[in-house]
Every structure is written in structure tokens, then in C-alpha cells.
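Take a look at the structure set out below.
The values are calculated or read from the model by the stated rules, or taken from the named source; none is laboratory data. Nothing here was measured: the structure is a model prediction, and the numbers come from that model. In this analysis, Cβ positions are derived from the backbone assuming ideal geometry, glycine residues included, and neighbour counts consider all displayed protein chains. Accessible surface areas use protein heavy atoms only, side chains included; no ligands, DNA or RNA. Shrake-Rupley method; radii C 1.70, N 1.55, O 1.52, S 1.80 Å.
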Amino acid sequence: VTHAYGSVLRRCAEERLAPLRMALTGCARAADTLARIDKAGGAEKWPVPRLEPSFAEALPAVCSPAEDGAARGTPVRIVVMSPDAEEPLREVAKDAVYVVGGLCDYKRSVQTTLNGARASGVCARRLPLAETLGASVPSVTILTVDQCVAALHLAHANGGDWGAALRAALPQRKLRAVEAPSAVSGAAADDKAA
């Protein structure tokens with residue numbers, strides 16, 4: 001989370017992008033995580049609200065547009081980003097709130113975010129890695145929080161060019177893993193033609 005926040009701020013400054021609004025939800029059940037964030041230092045200065053309820057409960061009230069001091073709470077479209085979602089995200093919509101969950105990098109919990117979206121009655125989408133880069137390798141389709149946030153932010157800022165957004169957001173090792181199978185299959189096709 002701290003890396004994602006810092007990465008977004010740095011990218012906004014470097015590329016003169018509009019800043020993102022971020023919130024931490026589910027804080028009532030995340031005391032250990034919050035303690036680690038606080039221990040890292042600097043988080044108390046973030047303009048990031050910490051909300052005790054789950055995203056499904058907290059976000060509609062916090063993220064709904066309020067005009068002329070009108071009460072918040074207007075329905076908002078929530079999209080949970082999950083590598084296990086069947087449908088890819090086609091565009092980053094201004095009227096949607098994107099939930100990017102943070103799980104431990106060393107152990108993937110299969111379908112946790114997808115099941116959370118279903119239980120909350122909201123849609124889940126995945127980044128269009130397969131459609132844009134041909135990525136179907138699990139090590140490429142599972143991203144860190146900051147990589148997912150960066151891809152969303154860049155795709156929004158560049159008008160929906162997922163190829164450019166993903167190539168800028170993903171580390172080179174993941175991009176090489178995507179390119180390697182196509183190079184191998186291309187060589188195999190050349191062998192067959194010969």
C-alpha cells in the first residue's frame with residue numbers, strides 16, 4: 001500500500017497526471033496491516049481516509065459526487081479488480097470506483113477478490129493483459145497493488161491505450177515473460193515452414 005501510494009504520487013508529478021483519490025477500506029479488520037503502514041512512517045500525512053467498513057459499505061457514501069453541498073450517498077459503480085475475473089476491463093470510467101485489493105506477494109489466494117466482489121454484489125474485472133499483450137502466464141497476470149493502480153491510472157490518463165499503460169506499469173521481467181513465448185512459437189512456426 002505504501003509503495004502504491006508513493007508510486008502514484010511520483011508518477012503524477014513526473015508525467016503531470018491528475019492525482020488519484022485513494023482510500024483504505026476494511027480497516028476494522030486490518031489492524032496489523034495498518035500498524036505496518038504506520039511503522040513505515042509518513043502515512044499520517046497522506047490525504048487517504050481510513051475507513052472501518054468494507055469497500056461495499058464505505059465507498060458509496062465516500063465516493064459519490066456531491067453537488068452544491070448535497071448529501072453524499074448517490075449510487076456509485078464499484079468495480080473490483082481481480083486477476084480471476086472472467087471479463088477484462090475495457091475502459092477506465094470516470095463514474096466508477098476501482099477497488100484494488102492487497103494480498104501477500106509470496107502466496108496467492110485464488111479467487112479471493114473475485115469472491116469478495118460476488119459476495120458484495122459488485123462486478124469484478126481484470127486488466128486486459130491477455131487481450132492486449134497476449135499474457136496468459138500466471139506469473140504475468142498476477143500483479144502487485146502498485147502495478148495495477150499504475151495501469152489503471154495510465155490507461156485513464158492516455159485515453160484508454162491499454163498497451164502503452166501496461167507496458168509502462170509492468171516490470172520488464174513480466175514483459176519479457178510475455179514476449180518469450182511468442183518468440184518461441186514464432187521460431188517453431190519458422191521451423192515448420194522450412
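Here the condition is being open to solvent by less than 50 Å² (accessible area, probe 1.4 Å) and modelled with pLDDT under 70; of L17, L51, L59, L89, it holds for L17 alone. In the set V99, V1, only one residue is at pLDDT below 80, surrounded by 18 or more Cβ atoms within 10 Å (Cβ to Cβ) and touching a strand residue (DSSP E or B) at 6+ places or on another chain (Cβ under 9 Å); that residue is V1. The set of residues in the stretch 24-48 being among the small types (G, A, S) and either open to solvent by less than 60 Å² (accessible area, probe 1.4 Å) or assigned to a strand (DSSP E or B) (or both) consists of G26, A30, A35, G41, G42, A43. Only one of the numbered conditions (1) at pLDDT below 90; (2) outside any helix (DSSP H, G or I) is violated by L175, and that is (2). Among what's in the stretch 131-163 and is among the aliphatic types (A, V, I, L, M), open to solvent by 50 Å² or more (accessible area, probe 1.4 Å) and touching a helix residue (DSSP H, G or I) at 6+ places or on another chain (Cβ under 9 Å), pick the residue that is farthest from L9 (Cα to Cα). Filtering the stretch 131-163 for residues that are among the aliphatic types (A, V, I, L, M), open to solvent by 50 Å² or more (accessible area, probe 1.4 Å) and touching a helix residue (DSSP H, G or I) at 6+ places or on another chain (Cβ under 9 Å), the one farthest from L9 (Cα to Cα) comes out as V137.
Being farther than 18 Å from V145 by Cα and at pLDDT below 75 is a property that R29 lacks. Flag: V80 does not match the condition of being open to solvent by less than 40 Å² (accessible area, probe 1.4 Å), under 30 Å from Q172 (Cβ atoms) and either at pLDDT below 80 or in a loop (DSSP other than H, G, I, E, B) (or both).
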